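The values are calculated or read from the model by the stated rules, or taken from the named source; none is laboratory data. Keep in mind the model is a prediction, meaning the values are calculated, not measured. Using ideal geometry, Cβ is built from the backbone for each residue, glycine included, and neighbour counts are taken over all protein chains shown. When the accessible area is computed, the model is the full protein with side chains, heavy atoms only, and any ligands, DNA or RNA have been set aside. Shrake-Rupley method; radii C 1.70, N 1.55, O 1.52, S 1.80 Å.
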Amino acid sequence: MYRYDEFDERFVRERVKQFRGQVERRLSGALSDDEFRPLRLKNGVYLQLHAYMLRIAVPYGTLNSRQLRQLALIGERYDRGYGHFTTRQNLQFNWPKLKDVPDILDLLADVEMHCIQTSGNCIRNVTADHFAGIAADEVEDPRPTSELIRQWSSLHPEFSYLPRKFKIAVTGAAHDRAAVAAHDIGIRILKHPQTGEVGYRIFVGGGLGRTPMIAKTVRDFLPKADLLAYLEAIMRVYNLEGRRDNKYKARVKILVHEMGLEPFREAVEAEFAKLDGPSVNADPAEAARIAAYFAPPAYETLPASDASYEAARAASPDFARWADVNLFPHKVPGYAALTISLKPIGGVPGDATSEQMRVVADLAERYSFDELRVTHRQNLVLPHVKLSDLHAVWQALVAAGLATANDGLITDIIACPGLDYCALATARSIPIAQSISQRFGSYERQREIGPLEIKISGCINACGHHHVGHIGILGLEKSGQESYQVTLGGDASEDAALGVLLGPGIKGEEVPDAIERIVAVYLRERVPGERFVDAVKRLGLGPFKPALTGAPTRELADAH
Amino acid sequence: MAAAPKRPPLPAILIANTFLEGEVVFRAAGGWTPDPAQALVASDEAGAEALEREAAAGFARNEVVDAYLVDVAIGTDGVPVPRHFRERFKTLGPSVRPDLGKQAELRRS
Amino acid sequence: MLIDRNGATSEAWNRVSGADAATVTRPLVPFAEIDAALAALSDGAELGIEVPNTIRLAALEPHLVRVALVSIVFPAFSDGRGFSLGRQLREYGYAGRLRAAGPLITDQFPYALACGFDEVDLPEASAARQPPELWVAALGVMSNTYQRGYQSGGNILDQRRAARRNFAGGRP
Ligand code: HEM
Ligand code: SF4
């Protein structure tokens, strides 16, 4: 993974000092509160319902054990012993004091981490496929590109006061695990169909929030060397032309929509043509320098199967059940990537205690070349574990309460903090996730239902990605009470689709029953091998509508 | 940001976060308190205006941010309870972590 | 208050209407009145224009040879359009003075200079809170930046490149 050189090191250190100074200037009155607020946001500090919140960047979701241990320490020393992993591959602490934040930033800098641009109207933490470097369907590891973008976007003099936040995601694989179509800029690494040259396809204008949109292609193929100049051209068009009169219309997706894709593309290409590419782009040696950090670890040459692993599976049905669900095939024989679920049945999605972080850090160090990943599904991944080590890893996870076998299943629920923490929330989301998780806690039942992604947001901002959940749940306020809208058919993969509203909002305590009935319709109607989301796409909403409120489904059954 | 632009129905209390810590506090007779039971209750125009002045003054002194009035019902024990569920959560803590926030801290003390 | 990279500096320009451009030395006129100003001024006389940050570069291009100061208005510190406009002007080749006029904050000073600005014209209320020392100090906070092609001294990519070159004994 990437390691800071002297320049990166000095950069984060000076940035900490700068933030310390900003707090001091706010106290002295040199900065007004209106001026200070965007500055603290650009450093990941929010004021939430009960306390400040600090959002720590985990660039493209990659961490080492030392970093995770430091996060555990910060959690204990400055928080309440736990942190929350988010869909944006960040970590959030819910209880830090503003006066402690500079000290926390120093601790982060000690392990090459920071909070730079994890919020605010600037280019946010870059996200990438959490199976980068592992997946067999990968053209190229997206992390060198992501790291280049991380550096280029940090404290960018021209693009630090944008109309609105700006999110960039990179994938290097055919199967999109980075939801590039739901980002302001999505980058897909691909081979040129004719020449075989590796380059980028650039998508612009995706986003969720109150006006969800799927990103559109602005450039089919961009040579790798031109990346930064092309990004600068897009950012400049957005910075100059993006709306600033209404913050709900300020995202680039609205600009692309209002300008039209073609005129937007022309504006970007015109700006790109004028830019002096060679003076802006990273030279190939710099790209190579970064890429070298992501060279594959020293894998052993192993057979594709392992007798001890098979024996452990045979001996322990629980282990086999977990392995069936939480393993991801590694491109190197004899290895697997494994998902550490942060979704214990009935637990808070994405939360991990400091002790759990230490357990995972130890496992990563001992069994996974000192590397781990944060996924946009709010789970962790040990990317390179030998098959022969899996049983030992699993046993350690069991002891730490981290061995829930539900990756990609109905209890692997994404939920934003909602009204339990978030000042913008209109309703809670975590308790809804907990009640659904409890209802569907049985492993056999989850396996029978198969892949099903439930995503829950506590307000229209859609931090829980509800629009692209196979089942999306949006918490709103209706007549002074929490109320939940259910959408079906959303998809965050390369077949990106937005969910469609099933009907009027229902009460929180009615949600598990409604989900139960929706799932029952699916189980009844599905053809063999058909996933929930595919069944919804095939059937449409019709058969599911009565399930929302439990209205009689007799006619429907008769009609068949 | 000093004072809420719109005044809620009365009776009301003044809720805020301390600037340097972020802790939820209420305006009491002698200053800011973490305990909602101590909160001053404004039940008329003059009382609400007095609280709004405290909000502005507390903000100007860097004591608090995000100070605003919250309409409350007075419980049988005399303790003001916000009418809106959002503000109730704010006076308690995360509903999913009863071991954290005021719901835990005030019980302990 | 007018600030440049050395601190407070004195205003050499005089804000007038286009029609009155010839009544002062170094007139600074609204861009909309540039024709009147040019009509009033003798050929070699210096002219400054104040432009809104919504103007397109193409609209300015024909006038740039005649102009010695472009003052771009920042209506709010959070409105970053002026940074892009300034940078476009420099890329186009504009070599006169470039001014950011509006309630900027000191943290933006290095950004403004990197985008090609020479100076900041601060309204009094912001100036009162942010004395010149703070502006100069803001320039020393971050000694390096990651972006190439901007007018900031220590860009990391080029420093790395230089280090590589030295290491390779002068070979590129
Ligand atoms: C807890 C405090 C949070 C606040 C105040 C907050 C605020 C917001 C706001 C205002 C938006 C809408 C932006 C827009 O439409 O322009 C948004 C969108 C989003 N947030 Fe958050 N958020 C929070 C937590 C989170 C968390 C925990 C996650 C990850 C789990 C997250 C991920 C996202 C994502 C993915 C979006 C949608 C991106 C898009 O609109 O394209 N946020 N957030
Ligand atoms: S979706 Fe709304 S409630 Fe949930 S974290 Fe985002 S802003 Fe808060």
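Filter the range A:201-220 down to residues that are under 28 Å from A:G469 (Cβ atoms), in contact with a strand residue (DSSP E or B) (Cβ under 9 Å, 6 or more places away or on another chain) and either open to solvent by 40 Å² or more (accessible area, probe 1.4 Å) or more than 16 Å from ligand 2 (Cβ to nearest atom) (or both), then give me how many there are. It would help to see each step written out before you state the result.
Filtering the range A:201-220 down to residues under 28 Å from A:G469 (Cβ atoms) leaves A:201-218.
Still in the running and in contact with a strand residue (DSSP E or B) (Cβ under 9 Å, 6 or more places away or on another chain): A:201-208, A:213-218.
Add one more test, that the residue is either open to solvent by 40 Å² or more (accessible area, probe 1.4 Å) or more than 16 Å from ligand 2 (Cβ to nearest atom) (or both), and what stays is A:201-206, A:213-218.
Number of matching residues: 12.
Suppose we keep only residues that are touching a helix residue (DSSP H, G or I) at 6+ places or on another chain (Cβ under 6 Å), more than 20 Å from A:I414 (Cα to Cα) and of a type in the set (G, A, S) within the range A:42-99. Which one would you say is farthest from ligand 2 (Cβ to nearest atom)?
Looking at residues that are touching a helix residue (DSSP H, G or I) at 6+ places or on another chain (Cβ under 6 Å), more than 20 Å from A:I414 (Cα to Cα) and of a type in the set (G, A, S), I get A:S65.
If a residue must be β-branched (V, I, T) and within 20 Å of the chain's Cα centre (by Cα), how many such residues does the range A:326-339 contain?
Pass one, the range A:326-339, residues β-branched (V, I, T): A:332, A:339.
Still in the running and within 20 Å of the chain's Cα centre (by Cα): A:339.
Adding up the residues that qualify gives 1.
Filter the range A:97-123 for residues that are hydrophobic (A, V, I, L, M, F, W, C) and closer than 18 Å to A:L73 by Cβ and give the result.
Initial filter on the range A:97-123 (hydrophobic (A, V, I, L, M, F, W, C)): A:98, A:101, A:104-105, A:107-109, A:111, A:113, A:115-116, A:122-123.
Selection gives A:V101, A:I104, A:L105, A:L107, A:L108, A:A109, A:V111, A:M113, A:C115.
Identify all residues within the range A:16-52 that are in contact (Cβ under 8 Å) with a residue 24 or more places away in the chain, facing chain B (nearest Cβ under 9 Å) and over 22 Å from A:D110 (Cα atoms); write none if there are none.
The answer is A:L47, A:Q48, A:L49, A:H50, A:A51, A:Y52.
Are any residues in the range B:59-109 over 27 Å from A:I430 (Cα atoms), outside any strand (DSSP E or B) and either away from chain A (no Cβ under 12 Å) or among the hydrophobic types (A, V, I, L, M, F, W, C) (or both), and if so, which ones?
Listed by number, the residues that qualify are B:F59, B:A60, B:G75, B:T76, B:D77, B:G78, B:V79, B:S109.
Take the range A:474-483 and flag every residue that is more than 16 Å from ligand 2 (Cβ to nearest atom) and away from chain B (no Cβ under 14 Å).
Once the filter is applied, which keeps residues that are more than 16 Å from ligand 2 (Cβ to nearest atom) and away from chain B (no Cβ under 14 Å), the range A:474-483 yields nothing.
Of all the residues that make up the range A:422-447, how many are of a type in the set (G, A, S) and within 11 Å of ligand 2 (Cβ to nearest atom)? Full working, then the answer.
Step one: list which residues in the range A:422-447 are of a type in the set (G, A, S), which gives A:423, A:425, A:427, A:429, A:433, A:435, A:437, A:441-442.
Filter once more, so that each one left must be within 11 Å of ligand 2 (Cβ to nearest atom): A:423, A:425, A:427, A:429.
Counting residues in the range A:422-447 that are of a type in the set (G, A, S) and within 11 Å of ligand 2 (Cβ to nearest atom) gives 4.
Would you check which residues across the range A:448-473 are away from every other protein chain (no Cβ under 14 Å), open to solvent by less than 10 Å² (accessible area, probe 1.4 Å) and either under 20 Å from A:T426 (Cα atoms) or within 15 Å of ligand 2 (Cβ to nearest atom) (or both) and list them?
Hits for the range A:448-473 are A:I454, A:K455, A:S457, A:A462, A:G464, A:H466, A:V468, A:G469, A:I471, A:G472, A:I473.
Residue check: is A:D324 open to solvent by 40 Å² or more (accessible area, probe 1.4 Å) and charged (D, E, K, R)? Walk me through how you get there before you give the answer.
Details: open to solvent by 40 Å² or more (accessible area, probe 1.4 Å): yes; charged (D, E, K, R): yes.
Spelling it out, A:D324 is indeed open to solvent by 40 Å² or more (accessible area, probe 1.4 Å) and charged (D, E, K, R).
Step by step: first the residues of the range A:164-175, then only those that are within 15 Å of ligand 1 (Cβ to nearest atom) and in a loop (DSSP other than H, G, I, E, B), then the one that is nearest to the other protein chains (Cβ to nearest Cβ). Which residue is that?
Of the residues in the range A:164-175, the ones within 15 Å of ligand 1 (Cβ to nearest atom) are A:164-169.
From what is left, the residues that are in a loop (DSSP other than H, G, I, E, B) are A:164-165, A:167.
Numbers: A:R164: 11, A:K165: 13, A:K167: 17 Å.
Ranking the qualifying residues of the range A:164-175, first place goes to A:R164.
Out of curiosity, is A:A415 in contact with a Ser or Thr (Cβ under 7 Å, 6 or more places away or on another chain) and within 16 Å of ligand 1 (Cβ to nearest atom)? Spell out how you get there, then give the answer.
Numbers: in contact with a Ser or Thr (Cβ under 7 Å, 6 or more places away or on another chain): yes; within 16 Å of ligand 1 (Cβ to nearest atom): yes.
When the stated conditions are applied, A:A415 passes them.
Could you please let me know if A:S316 is farther than 18 Å from A:G133 by Cα and not aromatic (F, W, Y)?
Values: farther than 18 Å from A:G133 by Cα: yes; not aromatic (F, W, Y): yes.
Against the criterion (farther than 18 Å from A:G133 by Cα and not aromatic (F, W, Y)), A:S316 qualifies.
Could you give every pair whose Cβ atoms fall below 6 Å, whose first residue belongs to the range A:84-99 and is more than 9 Å from ligand 1 (Cβ to nearest atom) and at pLDDT 95 or above, and whose second residue is of a type in the set (S, T, N, Q) and open to solvent by 10 Å² or more (accessible area, probe 1.4 Å), counting only separations of at least 6 or pairs across chains?
Cβ pairs passing all conditions: none.
Consider B:F89 carefully, then state whether it is touching a helix residue (DSSP H, G or I) at 6+ places or on another chain (Cβ under 9 Å) and without any contact (Cβ under 8 Å) to a residue 40 or more places away in the chain.
Yes.
Just to check your reading of the model, which residue among B:V64, B:V70, B:V41 is over 19 Å from A:K97 (Cβ atoms), modelled with pLDDT of 95 or more and open to solvent by less than 40 Å² (accessible area, probe 1.4 Å)? Even if it seems obvious, please write down each step before you answer.
Working: B:V64 fails: over 19 Å from A:K97 (Cβ atoms); B:V41 fails: open to solvent by less than 40 Å² (accessible area, probe 1.4 Å).
The match here is B:V70.
So, of the residues in the range A:100-137 that are polar (S, T, N, Q) and within 11 Å of ligand 1 (Cβ to nearest atom), which turns out to be surrounded by the fewest Cβ atoms within 10 Å (Cβ to Cβ)? Can you show your working first?
Just the residues of the range A:100-137 that are polar (S, T, N, Q), to begin with: A:117-119, A:121, A:125, A:127.
Checking the rest, the ones that are also within 11 Å of ligand 1 (Cβ to nearest atom) come to A:118-119, A:121, A:125, A:127.
On the way: A:T118: 25, A:S119: 21, A:N121: 23, A:N125: 27, A:T127: 28.
Checking each candidate, the answer is A:S119.
Grab the helices (runs of 4 or more DSSP H) fully contained in the range C:59-172, keeping just those with 2 or more residues being more than 9 Å from chain A (Cβ to nearest Cβ) and touching a residue at least 24 places away in the same chain (Cβ under 8 Å).
Numbers: elements: C:81-92, C:109-114, C:124-129, C:132-139, C:156-167.
Ranges flagged: C:81-92, C:124-129, C:132-139.
Residues are listed down the side, and each one gets a yes or a no for (1) over 19 Å from C:F77 (Cβ atoms); (2) surrounded by 21 or more Cβ atoms within 10 Å (Cβ to Cβ); (3) within 21 Å of the chain's Cα centre (by Cα):
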| position | (1), (2), (3) |
| --- | --- |
| A:A30 | no, no, no |
| A:Y52 | yes, yes, no |
| A:Q67 | yes, yes, yes |
| A:L73 | yes, no, no |
| A:D79 | yes, yes, no |
| A:G83 | yes, yes, yes |
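Residue check, A:Q438 against (1) within 14 Å of chain B (Cβ to nearest Cβ); (2) outside any loop (DSSP other than H, G, I, E, B); (3) within 16 Å of ligand 1 (Cβ to nearest atom); (4) open to solvent by 10 Å² or more (accessible area, probe 1.4 Å), all met but one. Which one?
For A:Q438, the exception is condition (3).
Could you tell me whether the range A:484-492 includes any residue that is more than 16 Å from ligand 2 (Cβ to nearest atom), farther than 30 Å from B:V72 by Cβ and at pLDDT below 95?
Yes - at least one qualifying residue is present in the range A:484-492.
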